[in-house]
Amino acid sequence: MHLRQLGMNGPHVSEIGLGCMSMSGMYGPADRNESIATIHAALDAGVTLLDTGDFYGMGHNEMLIGEALKGIPRDRFLVSVKFGAMRDPDGNWASYDARPAAVKNFLAYTLQRLGLDHIDIYRPARLDPAVPVEETIGAIAEMVQAGYVRHVGLSEVGPETIRRAASVHPISDLQIEYSLISRGIEDEILPTCRELGIGITAYGVLARGLISGHWQGAKGPGDFRARTPRFQEGNVERNLALVEVLRKIADSKGTTVAQLAIAWVAAQGDDIVPLVGARRRDRLSEAVDALDFKLTSDDFTLIERAIPRGAAAGERYDPKQMAVLDSEK
């Protein structure tokens, strides 16, 4: 497993990271033992970056990761945590809170749930429109000085917010959706990050399983994909048709659709680290093996023809969620 540095001032991490969200019910029920085994398998494979959010399963994800990491030397892994999303007892999404006092409160609970004395990368999940981003980043910077956080990250914000945040404290990376069917960052966001020396941790590289080649439908009422436009009737059929074109290319190259999609994101630059949301060891193994597949210029041409930019049907989130994405404004 090779390493990539997250920006000019960020840590060196494995060239692929493990996104742990799906281990806590966001995609329907998950097997606890298999989830922990998958985290262990990732570490054994050389994956060093684990990504979570304190609102995944209302703390369940952090406790799960904390259990999995017990007894493992601290220098073998880095944990990236998003904070700020507010939820009610029914699991509904309410708002975002990135006030300085809230930042420190969220961090205290996160450290306790994970059983760690510091977080490697700490980031607001979304821009809080009621709080200047400078205040939020300033609060995290205080936690860096205090030793509770090592690096400051961002998530789903646009160029102006990135610049404002970077004026307060060095930013290691921007976490944002990036895949063959989500390429909006290429216009302004990615160039801004590169200008400022900020890395990208790309989530949704398989579009939440839609372009994995394995999609078989949402996994029950707890699976939020059932409410996502790209998975809705009328859109999902068109999107899966794109996958079948991609499958022909993958078959001709002796690889899988998922591996082709992951390899494409990884090949977009050494400053980009794909996060794969595997919650089973077989899916993790498939993702890690994608790093052995090197795309040629001809491969890029074929892929671009198969899935031209803008080919996806439907937005990546529902209207309510799209409205709070600073990265889409």
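Quantify, in whole percent, the carbon and sulfur part of the accessible surface of the chain (1.4 Å probe; protein heavy atoms only). Display every interim value, and only then the final one.
Details: 7000 of 13800 Å².
Of all accessible area on the chain, carbon and sulfur atoms account for 51 percent.
Here the stretch 52-163 is treated with +1 on each Lys and Arg Cβ and -1 on each Asp and Glu Cβ, and its dipole about the Cα centre works out to around 280 debye. Computed about the Cα centre, the dipole magnitude for the chain is approximately 380 debye when only Lys and Arg (+1) and Asp and Glu (-1) carry charge, each at its Cβ. Simple point charges give the picture: +1 on the Cβ of Lys and Arg, -1 on the Cβ of Asp and Glu, and for the stretch 111-213 a dipole about the Cα centre of about 260 debye. Think of the chain as a dipole: +1 on every Lys or Arg Cβ, -1 on every Asp or Glu Cβ, centred on the Cα centre; then among Val236, Met143, Gln259, Val236 lies furthest on the positive end.
Per-residue counts of other Cβ atoms within 10 Å, averaged by peptide: what ranking do you get for 299-312, 111-124, 171-184, highest first?
On the way: 299-312: 15.1, 111-124: 21.0, 171-184: 24.1.
Put in order of decreasing packing, that is 171-184, 111-124, 299-312.
The stretch between Leu295 and Trp93, if pulled fully straight at 0.36 nm per residue, gains 68.8 nm over its current Cα-Cα span.
For the chain, the longest principal axis of the C-alpha atoms and the axis of helix 297-306 are separated by about 90°.
Of the trypsin sites (Lys or Arg not before Pro) in the stretch 45-80, the ones in a loop by DSSP (not H, G, I, E or B) with at most 16 other beta carbons within 10 Å are Lys70. Structure remark: mean-square fluctuation, Gaussian network model of the chain, C-alpha springs under 10 Å; the largest value among Ala101, Ala85, Ala166 belongs to Ala101.
If you look at the Cα atoms of the stretch 112-227, you get an Rg and a Dmax of 16.4, 47 Å. One equal scatterer on each Cα of the stretch 42-103, no solvent, Debye formula: the resulting log10 I(q)/I(0) at q = 0.17, 0.25, 0.27 Å⁻¹ is -0.68, -1.06, -1.15. Ligands, DNA and RNA are left out, and with a 1.4 angstrom probe the accessible area of the chain is 42 Å² per residue.
Along its first, second and third principal axes, ordered by size, the chain spans 53, 42, 40 Å in Cα coordinates.
Remark: for residue pairs Lys82/Lys253; Lys248/Lys294; Lys82/Lys320; Lys82/Lys329; Lys70/Lys104, the C-alpha separation exceeds 29 Å in Lys82/Lys253.
Round to the nearest 0.05 the FRET efficiency obtained for Arg305 and Ile72 when R0 = 41 Å and r is the Cβ-Cβ distance. With a Förster radius of 41 Å, E is 0.40. Rounded to the nearest 500, the helix-only mean residue ellipticity at 222 nm of the chain stands at -11000 deg cm²/dmol, with each DSSP H run of n ≥ 4 adding -39,500 (n - 2.57). Seen against the Cα atoms of the chain and their longest principal axis, helix 133-146 is set at about 70 degrees. The modelled label-to-label distance for the pair Lys248/Met58, using points 7 Å beyond Cα in the direction of Cβ, is 4.9 nm. The length gained on full extension between Asp187 and Ala108, counted as 0.36 nm times the residue separation minus their Cα-Cα distance, comes to 24.7 nm.
The values are calculated or read from the model by the stated rules, or taken from the named source; none is laboratory data. The model shown is predicted, which means the values in this text are computed figures rather than measured ones. Quick reminder, even Gly has a Cβ in these numbers, built from the backbone with ideal geometry, and neighbours come from all protein chains shown. We work out accessible area using only protein heavy atoms, side chains counted, and drop any ligands, DNA or RNA first. Shrake-Rupley method; radii C 1.70, N 1.55, O 1.52, S 1.80 Å.
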